[in-house]
Amino acid sequence: MRRRDGGPFIALPRVELNLHNLDVDVPLSAKEDPIHLTLAEVHGGIDLVNEEGFIEKTKALVRGGKEPGEVMMSATFGLKPLNATADLDIVNPIDVGRLLPAKVATSAGHFLSGKLSVGGDVDAGFEMKDFDLALGTSPKDRSISVSKGRIFAKNDFEWIDFQKVHFDAGRNHAVINGPIEYTNGEFVYRNVNI
């Protein structure tokens, strides 16, 4: 790890980071182990005056290349309020079968591919936009896909609003529009249009 501080220090400095072989765990399920990513090189920084930072575009490999999956990613973030935005491009599909219900993994596939932008903060909520994601039975297959639109979640994902999200599975197409809410141990559809 290499850190370089910029100055003069009339105010708080800007800190630059250059990290190599950084391991990051991405928890996607309470029941399964997280997806383990290894970022070959991470170049970024944080300006301690405005409390904002960035990570330049970098390559992440699943389990350091021991499993299928490669993601190109970049991000910006702020500390007050705590917020972040990230762009992800899955250039080599990731095997997510262990995170899916068995019926989905065997019928639609378990290789995740595509791209997305995510962002939000702890107070206002979290959004996914500019996405085109697919599941396939092989790395090149796209059995089902979700794209376009926006998905917005708040209250720790207890409220999820689908805004003109396109769903495609073979010759079947649908546009999903409306919120769902997690209440009393189940999701309730609130004026969802399909």
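The values are calculated or read from the model by the stated rules, or taken from the named source; none is laboratory data. In this text the structure is predicted, and so the values were computed from the model without any measurement. Side chains are part of the model used for accessible areas, which takes the heavy atoms of the whole protein and leaves out ligands, DNA and RNA. Shrake-Rupley method; radii C 1.70, N 1.55, O 1.52, S 1.80 Å.
Of note:
- Carbon + sulfur, % of accessible area of the stretch 10-81 - ligands and nucleic acids excluded, 1.4 Å: 56
- Within the listed set SER117, SER143, SER107, the Gaussian network model of the chain (springs between alpha-carbon atoms below 10 Å) gives the highest mean-square fluctuation for SER107.
- Full-stretch length increase - ARG171, THR137 - with 0.36 nm per residue and alpha-carbon distance subtracted: 10.6 nm
- Surface accessible to a 1.4 Å probe, per residue, for the residues of the chain, Å²: 64
- 3J(HN,Hα) from dihedral phi, the stretch 133-139, Karplus parametrisation 6.51/-1.76/1.60, rounded to Hz, x for glycine, proline: 10, 9, 10, x, 7, 9, x
- When the pairs LYS66/LYS164; LYS57/LYS80; LYS66/LYS154; LYS57/LYS140; LYS57/LYS129; LYS66/LYS115 are compared against a 27 Å limit on Cα-Cα distance, LYS66/LYS164; LYS66/LYS154 fall above it.
- Look at the alpha carbon pairs under 8 Å that are at least 6 residues apart: their mean separation over the length of the chain gives a relative contact order of 10 percent.
- Mean projected area of the Cα convex hull of the chain, taken over all directions, amounts to 12.5 nm².
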